[in-house]
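The values are calculated or read from the model by the stated rules, or taken from the named source; none is laboratory data. Everything numeric in this text was worked out from a predicted model, so none of it was measured. Don't worry about glycine lacking a Cβ; one is built from the backbone with ideal geometry, like all the others, and counts go over all protein chains shown. Ligands, DNA and RNA are stripped out before the accessible areas are found, and what is left, the full protein with its side chains, is counted by its heavy atoms. Shrake-Rupley method; radii C 1.70, N 1.55, O 1.52, S 1.80 Å.
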Amino acid sequence: MYTQAMDTLAREGGQDAGGADETAALADAARQRRFDAAIDDGGFIEAKDWMPESYRKTLVRQISQHAHSEIVGMLPEGHWIARAPTLKRKAILLAKVQDEGGHGLYLYAAAETLGTSRDQMLDALHGGKAKYSSIFNYPTLTWADMGVIGWLVDGAAIMNQVPLCRCSYAPYARAMVRICREESFHQRQGYESLLTMMREGTGAQKAMVQDAVDRWWWPSIQMFGPPDSDSPNSGTSMRWGIKRFSNDDLRQKFVDATVEQARILGVTLPDPDLRWNEARGHWDFGAIDWDEFWNVVGGHGPCNAERLQARVDAWEEGAWVREAALAHARKREAAAAALPAEPLAA
Ligand code: FAQ
């Protein structure tokens, strides 16, 4: 679409409207070539660089989905802060949940650099239009779920997110560096908590860990998204260097890493088809229930309605905080404007 302003410029330059179209098309082609060359060289795109509209949209889609996942992801564990068995476990869980909130904020800020406001993204979440990770629509039934979320959910998140530190969009990549460091602590604290229960716990505590593993294993490997053959966004995202590995490749890496960790813990992964494949050099695993996955993504998982309602309630109950912060900012601006101008240096 061409605006009045572009027509005016063309006429001022002595060109007709057709000439302006041609000049704009040539400029776009040159920008596209520069963008493609940067991507092909494995370079980074900054917020102020030119980028194709479809690249911008893909990033907003993925980063906002990721940001929403972090803040919705605070809810299943948040439920257990007041129920932690010891002061040490409570302090760790509190710090972890707080970190997830921080990750959401870095990610919303990264998406904002692409021209989408936080209000727009949150409107989409609250209206049920935006996605967030399927994994957070499952209930946390026992304390062992806290350990298993750290081990499996944060473990899957790290596997998916370390490559995002090399994502071609630099503000997202920079946010991911810090997020991954924190996720690594999250994964370790979960695994350590499970090791303690499995090594020093009672029979009932060990059974509680196994039950949590049974419930979280399949949803955790679904986190990587649909199979590559059914992943409409993977092709372009990989060509643009947003995703560096496919959904199936990351899922396989996760399974390969986790089997040995499960053995050390002394738990069984609930998959009778899990076996080492010498020829592939990987663990084979059983069929994933993709109907269940799409059902949860479509809003019909065990906790979708509850999670969304909790976010909407938090937004509404927090309105006074946002209003107070804005009123304070306006007051500071007015006070700064009322100050006498700085004298010019001699
Ligand atoms: N859940 O074509 P693809 C965390 C959607 S953070 C729901 O393969 P893409 C930290 C997908 O959006 C966890 N929806 O899509 C933590 C797309 O729909 P759309 C979140 C899913 O983008 C731990 C459609 O399916 N991590 O855990 C899911 O190329 C503990 C087709 O899929 C990220 O977001 C799913 N699991 O690949 C916090 C990482 N999978 O958008 C608290 C960044 C797919 O076209 C406690 N994101 N869909 O309407 C990514 O790497 C990618 O977006 C994927 C999906 C891999 C998730």
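Return one number: the angle in degrees, 0 to 90 and rounded to the nearest 10, between the long axis of the Cα atoms of helix 203-222 and the longest principal axis of the Cα atoms of the chain.
Between helix and principal axis, roughly 30 degrees.
Among 150-161, 321-332, how do they line up from the highest to the lowest mean number of other beta-carbon atoms within 10 Å?
150-161, 321-332
For the chain, what Kirkwood radius comes out of the mean inverse Cα-Cα distance, in Å?
So the Kirkwood estimate lands at 23.0 Å.
Can you flag which of K48/K129; K96/K253; K88/K331; K88/K129; K131/K253; K57/K253 are past 30 Å Cα-Cα?
Among K48/K129; K96/K253; K88/K331; K88/K129; K131/K253; K57/K253, the Cα-Cα distance tops 30 Å for K88/K331; K88/K129.
Kirkwood Rh over alpha-carbon pairs of the range 71-197, then Stokes-Einstein at 10 °C and 1.306 mPa s: what D in µm² s⁻¹, rounded to an integer? Present the calculation step by step, with values, prior to reporting the outcome.
Working: Rh = 15.4 Å.
Estimated diffusion coefficient is 103 µm²/s.
Can you give me the angle between helix 17-40 and the longest principal axis of the chain, using Cα atoms only, in degrees from 0 to 90, rounded to the nearest 10?
For 17-40 against the chain, the angle is about 30 degrees.
Just how far, in whole angstrom, is the range 103-180 from the range 24-90 if you go by their alpha carbon centroids?
Their Cα centres are 9 Å away from one another.
What net charge is computed for the residues neighbouring L59, neighbours being all others with C-beta under 12 Å from the C-beta of L59, Lys and Arg scored +1, Asp and Glu -1?
+2
Could you let me know the centre-to-centre spacing of the range 186-211 and the range 273-307, using Cα atoms, in angstrom?
Using only Cα atoms to place each centre, the spacing works out to 23 Å.
Taking the Cβ of Y132 as the centre, find all other residues whose Cβ is under 10 Å away and add up their charges (Lys, Arg: +1; Asp, Glu: -1).
Result for the neighbourhood of Y132: +2.
Over the range 212-346, average the accessible area per residue using a 1.4 Å probe and give it in Å², no decimals.
The answer is 61 Å² per residue.
Need one number: nm distance between label points at A325 and R34, each 7 Å from Cα along Cα→Cβ, rounded to one decimal.
Each label point is offset 7 Å from its Cα along the Cβ direction, giving 3.5 nm.
Quick one, what does Rg over Rh come out to for the range 290-346 if you take C-alpha atoms and the Kirkwood Rh?
Here Rg/Rh amounts to 1.49.
Compute and list, largest first, the equivalent-ellipsoid semi-axes of the range 161-206 from the alpha carbon gyration tensor, each √(5λ) rounded to a whole angstrom. Provide the component values of the computation, followed by the final result.
Working: eigenvalues 248, 11, 6 Å².
Semi-axes (√(5λ), whole Å): 35, 7, 5.
Let's see if you can work this out: charge +1 on each Lys and Arg Cβ, -1 on each Asp and Glu Cβ, no other charges. What is the dipole magnitude of the range 76-124 about its Cα centre, in debye to the nearest 20?
Computed charge dipole of the range 76-124: roughly 500 debye.
Restricting to DSSP H runs of at least four residues, report the calculated mean residue ellipticity at 222 nm for the chain, -39500 (n - 2.57) per run over all residues, nearest 500 deg cm²/dmol.
On the way: 15 runs with 221 residues, N = 346.
So the helix-based figure for the chain works out to -21000 deg cm²/dmol.
Which of the peptides 295-301, 229-235, 335-341 is most tightly packed, and how do the rest follow, judged by the mean count of other Cβ atoms within 10 Å per residue?
Result, highest mean first: 295-301, 229-235, 335-341.
May I ask which residue of V297, Q189, S54 lies farthest towards the positive end of the charge dipole of the chain, with charges of +1 (Lys, Arg) and -1 (Asp, Glu) on Cβ and the Cα centre as origin?
Result: Q189, furthest along the dipole toward the positive end.
Quick one: putting +1 on the C-beta of Lys and Arg, -1 on the C-beta of Asp and Glu, what dipole do you get for the chain around its Cα centre, in Debye to the nearest 20? Write out the running numbers ahead of the final one.
On the way: 38 positive and 47 negative charges, 206 e Å.
So the dipole magnitude of the chain works out to roughly 980 debye.
Name the most mobile residue of I135, I264, I242, meaning the one with the largest mean-square fluctuation, in a Gaussian network model of the chain with Cα contacts below 10 Å.
I264
Which order do S237, S117 take by accessible area at a 1.4 Å probe, largest first?
Result, largest first: S117, S237.
Ranked from the most accessible area to the least, with a 1.4 Å probe and all protein chains present, what is the order of K48, K90, K243, K57?
If we order K48, K90, K243, K57 from most to least accessible, we get K48, K57, K90, K243.
Arrange the residues E22, E260, E77 by how much accessible surface each exposes, largest first, with a 1.4 angstrom probe.
Accessible-area ranking of E22, E260, E77, largest first: E22, E260, E77.
Find out how many positive minus negative residues lie around W143, taking Lys and Arg as positive, Asp and Glu as negative, among other residues whose Cβ is under 9 Å from that of W143.
Taking every other residue near W143 into account, the sum is +1.
Quick one: accessible area per residue over the range 78-136, 1.4 Å probe, rounded to a whole number of Å²?
Ligands and nucleic acids excluded, the result is 48 Å² per residue.
Could you tell me what percent of the accessible area of the chain is made up of carbon and sulfur, with a 1.4 Å probe and every protein chain present? Please report the intermediate quantities before stating the final value.
Details: 10490 of 18590 Å².
After summing per-atom areas, the C and S share lands at 56 percent.
Classify the range 95-139 as rounded, prolate or oblate from the Cα gyration tensor: take a ≥ b ≥ c as the square roots of its eigenvalues, call it rounded if a/c is under 1.5, otherwise prolate when a/b beats b/c and oblate if not.
Details: a/c = 2.53, a/b = 1.19, b/c = 2.13.
Oblate, because a/c is 1.5 or more while a/b does not exceed b/c.
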